[in-house]
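Take a look at the structure set out below.
The values are calculated or read from the model by the stated rules, or taken from the named source; none is laboratory data. What you are looking at is a predicted structure, and each value in this text was computed from that prediction instead of being measured. Cβ placement follows ideal geometry from the backbone for every residue including glycine, while neighbour counts extend to all protein chains displayed. Ligands, DNA and RNA are stripped out before the accessible areas are found, and what is left, the full protein with its side chains, is counted by its heavy atoms. Shrake-Rupley method; radii C 1.70, N 1.55, O 1.52, S 1.80 Å.
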Amino acid sequence: MLFGKKNGGVEWLVVCLGNPGDKYENTRHNVGFMVADELAERKNIPVQRLKFKALTNTTQLGGAQVLLMKPVTYMNLSGEAVRQAADFYKVSPDHVLVVSDDVSLPVGRLRIRKSGSAGGHNGLKNIIQQLGTDQFPRLKVGVGEKPHPDYDLADWVLGKFVGEDKKTIDAAIKRAADAVECYIQDGPDKAMSRFN
């Protein structure tokens, strides 16, 4: 059904979470933005059109027409951007793939889920609230646990990758971009068995 669709042909939203602004660039919390940048680079498209409270562009990923999104609302309001785009394109939650950081996974480890709780992640929490469901797929990229219990979580996720962690996360970003394409093209089961 290549023509006759009223929604501009967008079949998927790929929502990559992070915080806008230079001071957040390359921080643990911005892993989602890094994955968006990797996908954009592969497709040779800029993700810079401001629409639905996000920097966006449409492209083909995994054989489908996708709106690639980097919400500019700050993490805890990411759902506002998702809701606007999902409503506009009439995309159901099972076609909203969210890419985020996860402090409970070792650096570079990927975890794909078809649905689930926010797991303490404010971006996911807000998306669940705005969509009214937790039944949307997500790709979590491990950024490692904070070094000790007294360490402030906000300081940890807003810190930058260094040394071995930087090398590990750079490789993980490429694998995460592969995982996004695999999920859209081959479905959740194949993607989970290949990347989890």
Accessible area per residue, Å², the chain with all protein chains present, probe 1.4 Å: 49
Take the Cα pairs of region 115-196, get the Kirkwood Rh, then feed it into Stokes-Einstein at 37 °C and 0.692 mPa s and tell me D in µm²/s. 222
What residue among Gly32, Gly108, Gly159 shows peak mean-square fluctuation when the chain is described by a Gaussian network model with Cα springs under 10 Å? Gly159
Enumerate the amide H contacts of Val99 below 5 Å, restricted to partners 5 or more residues apart or on another chain; note that Pro and chain-start residues carry no placed amide H. Val15, Cys16, Leu17, Leu139
Please report the projected area of the chain's Cα convex hull averaged over all directions, in nm². 10.5
What net charge do the residues around Asp186 carry, taking every other residue with its C-beta under 12 Å from that of Asp186, with Lys and Arg at +1 and Asp and Glu at -1? -1
Positive-end residue, region 135-178 charge dipole about Cα centroid, Cβ charges, pick of Leu158, Thr168, Leu139: Leu139
Point-charge dipole on Cβ atoms (K/R +1, D/E -1) for the chain, about Cα centre, debye to 20: 500
Most mobile of Asp155, Asp170, Asp101 per a Gaussian network model of the chain (Cα springs, under 10 Å)? Asp155
Percent RCO, i.e. relative contact order, over the chain, from Cα pairs under 8 Å lying at least 6 residues apart: 25
Given 0.36 nm per residue, what is the gain on full extension from Lys174 to Asp155 after removing their alpha carbon distance, in nm? 4.3 nm
Sort out the exposed loop trypsin sites (Lys or Arg not before Pro) in the chain (DSSP loop, at most 14 other Cβ within 10 Å) and tell me the longest stretch that has none. 91-196
The percentage of the accessible area of region 67-181 (probe 1.4 Å, all protein chains present) made up of carbon and sulfur atoms, to the nearest whole number, is 50
Express in nm, to one decimal, how much length is gained between Lys23 and Ser115 on full extension, taking 0.36 nm for each residue of separation and deducting their alpha carbon distance. 30.0 nm
Rounded to the nearest 5, what % of the DSSP beta bridges within the chain are antiparallel ones? 55
What are the lysines whose alpha-carbon lies under 20 Å from the alpha-carbon of Lys166, with same-chain residues fewer than 8 places away excluded? Lys23, Lys140, Lys146, Lys174
If the chain between Arg49 and Ser193 were fully extended at 0.36 nm per residue, the gain over the current Cα-Cα distance would be 48.4 nm
